[in-house]
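Note sheet for the following structure.
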Amino acid sequence: MEVKSIIFVCLGNICRSPLAEGIAKKYAKEYNLDLKIDSAGTGNWHVGEAPCSDSIKIGKQKGIDISNQRARLIQKEDFSNFDLVIALDDKNLRDLKNLGCKNPIKIGDFGCKGEDVPDPYFFNGFEGFDKVYEMIEVCVKNLIKDKSYKR
């Protein structure tokens, strides 16, 4: 199956998954791939909000503008509307399965030795966002560049 759409999922859709969406769009454009790319959260606390200021800041430092994205809750129809549903960590992977997603994938499986991409709020200050960005970029670049998304 050739993948034409990807959705990245974290908890609140304000830090990790918006970065994954922005990075994936950057690489899809760079490699001239026609992919539908989106992000969502498994929790509804931030629906309608822009990404957090530190995610916007690290994105801009790396040449990616995610400031126009708005948090949204993952919907059951997303499981059929997207070819790949990619969780940023094990908890969200379990949540996606509990919501009925048949084949969610963890982003760490595309790099970072299968590790979770940690929530940057558990780090001290901005350095957590820098670390999270680097992890996501490695995984997303592998996903897009190596065409390992073809399943």
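The values are calculated or read from the model by the stated rules, or taken from the named source; none is laboratory data. Here the structure is a predicted model, which is why all the values come from computation and not from measurement. Don't worry about glycine lacking a Cβ; one is built from the backbone with ideal geometry, like all the others, and counts go over all protein chains shown.
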Ala28: passes all of (1) aliphatic (A, V, I, L, M); (2) modelled with pLDDT under 95; (3) touching a Gly at 6+ places or on another chain (Cβ under 9 Å) but (3)
Among the numbered criteria (1) modelled with pLDDT of 95 or more; (2) of a type outside the set (A, V, I, L, M); (3) within 15 Å of Arg16 (Cα to Cα), which single criterion is violated by Asp54?
(1)
Unmet requirement for Asp109, which otherwise passes all of (1) assigned to a loop (DSSP other than H, G, I, E, B); (2) of a type in the set (Asp, Glu); (3) more than 12 Å from Arg16 (Cβ to Cβ)
(1)
Test: residue in segment 106-122 that is farther than 22 Å from Ile144 by Cα and crowded, with 20+ Cβ neighbours inside 10 Å
yes
Positions within segment 1-25 being among the hydrophobic types (A, V, I, L, M, F, W, C), buried (at least 22 other Cβ atoms within 10 Å of the Cβ) and not in a helix (DSSP H, G or I), in sequence order
Ile6, Ile7, Phe8, Val9, Cys10, Ile14, Cys15
I'm trying to understand the selection: among the residues of segment 43-94, which are loosely packed, with under 14 Cβ neighbours inside 10 Å, of a type outside the set (Lys, Arg) and without any contact (Cβ under 8 Å) to a residue 12 or more places away in the chain?
Ser53, Gln61, Glu77, Ser80
Within segment 128-144, is even one residue surrounded by fewer than 19 Cβ atoms within 10 Å (Cβ to Cβ), charged (D, E, K, R), more than 17 Å from Gly22 (Cα to Cα) and modelled with pLDDT under 95?
no
Which count do you get for residues in segment 25-53 that are closer than 18 Å to Met135 by Cβ and either more than 16 Å from the chain's Cα centre (by Cα) or among the basic types (Lys, Arg) (or both)?
2
With the checklist (1) in contact (Cβ under 8 Å) with a residue 24 or more places away in the chain; (2) surrounded by fewer than 19 Cβ atoms within 10 Å (Cβ to Cβ) in hand, flag the one item Gly125 doesn't pass.
(1)
Just checking, how many residues over segment 26-42 are crowded, with 20+ Cβ neighbours inside 10 Å and among the polar types (S, T, N, Q)?
2
